[in-house]
């Protein structure tokens, strides 16, 4: 159960800060002795500045992914399945008012002390408000972590998104350097995370830096 708080600085003409908190549970289910189904849900809570000055606060659109993954994995762990965009936003400024669908794939390997992998998905709108723009957006999330021992690790992650329907400023590419620590709060295992890094994209009014703090509750089997 990851809870991830993000602060984006340098947003818009006024160079203000946007806040995004993602609640993104990952829930595995046994389908057969050979296959697992893994449900991943990303529910965003946002506070974003506007050009007029007042901030927009509320819930954004929810993205849900259903991965089919082998129960007995080898050196390479893979999963694939559909991704859904659900119009749960409480404000027009925080969502697309569209229902979307597309493919998603994740893969990772753990050679030695490293964990390397990537997540990909592409969403197209299939229904929704007729007066809103259609959705065609892609996410590519490569990551690499190095285990230092005693539950401590360092890593690098990018969360590149592309809005193919935008006439300009299609790409948003933060590059985050992160450190994490697996520990326990009482008897509850948790993963504490801190990350920061710049944005590499061509958006004139996009953010310049992202700071992230994360807390993941772990429920190992």
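The values are calculated or read from the model by the stated rules, or taken from the named source; none is laboratory data. Not measured: the values here are computed from a predicted model. Note that each Cβ is placed from the backbone with ideal geometry, even for glycine, and that neighbours are counted across all protein chains shown.
Numbers below:
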| quantity | calculated |
| --- | --- |
| Qualifying residue in the range 76-92 (condition: outside any strand (DSSP E or B), farther than 23 Å from residue 123 by Cα and touching a residue at least 12 places away in the same chain (Cβ under 8 Å)) | no |
| Residues within the range 9-46 that are under 25 Å from residue 172 (Cα atoms), in contact with a strand residue (DSSP E or B) (Cβ under 6 Å, 6 or more places away or on another chain) and at pLDDT below 95, tallied | 4 |
| Residue selected from the range 51-60 under the condition touching a strand residue (DSSP E or B) at 6+ places or on another chain (Cβ under 6 Å) and not in a strand (DSSP E or B), by the criterion farthest from residue 82 (Cα to Cα) | 55 |
| Meets criteria (exposed (fewer than 15 other Cβ atoms within 10 Å of the Cβ), at pLDDT below 95, closer than 28 Å to residue 129 by Cβ and over 14 Å from the mean Cα position of the chain (by Cα)) for residue 71 | no |
| Residues (under 21 Å from residue 3 (Cβ atoms), in a loop (DSSP other than H, G, I, E, B) and under 20 Å from the mean Cα position of the chain (by Cα)) located in the range 185-218 | 207, 218 |
| Any hit, the range 24-47, residues being part of a strand (DSSP E or B) and touching a helix residue (DSSP H, G or I) at 6+ places or on another chain (Cβ under 9 Å) | yes |
| Hits in the range 140-184 (condition: part of a loop (DSSP other than H, G, I, E, B) and exposed (fewer than 15 other Cβ atoms within 10 Å of the Cβ)) | 150, 151, 164, 165, 166, 167, 168, 169 |
| Residue within the range 103-123 that is farther than 18 Å from residue 160 by Cα and buried (at least 18 other Cβ atoms within 10 Å of the Cβ) present | no |
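Every residue, every condition in (1) surrounded by 14 or more Cβ atoms within 10 Å (Cβ to Cβ); (2) without any contact (Cβ under 8 Å) to a residue 24 or more places away in the chain; (3) within 18 Å of the chain's Cα centre (by Cα), yes or no:
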| position | (1), (2), (3) |
| --- | --- |
| 10 | yes, no, no |
| 14 | no, no, no |
| 19 | yes, no, yes |
| 27 | no, yes, yes |
| 47 | yes, no, yes |
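Residue-wise test of (1) crowded, with 18+ Cβ neighbours inside 10 Å; (2) more than 30 Å from residue 15 (Cβ to Cβ); (3) at pLDDT below 95.
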| residue | (1), (2), (3) |
| --- | --- |
| 54 | no, no, yes |
| 60 | yes, no, no |
| 64 | no, yes, no |
| 77 | no, yes, yes |
| 81 | yes, yes, no |
| 88 | no, no, no |
| 93 | no, no, yes |
| 101 | no, yes, no |
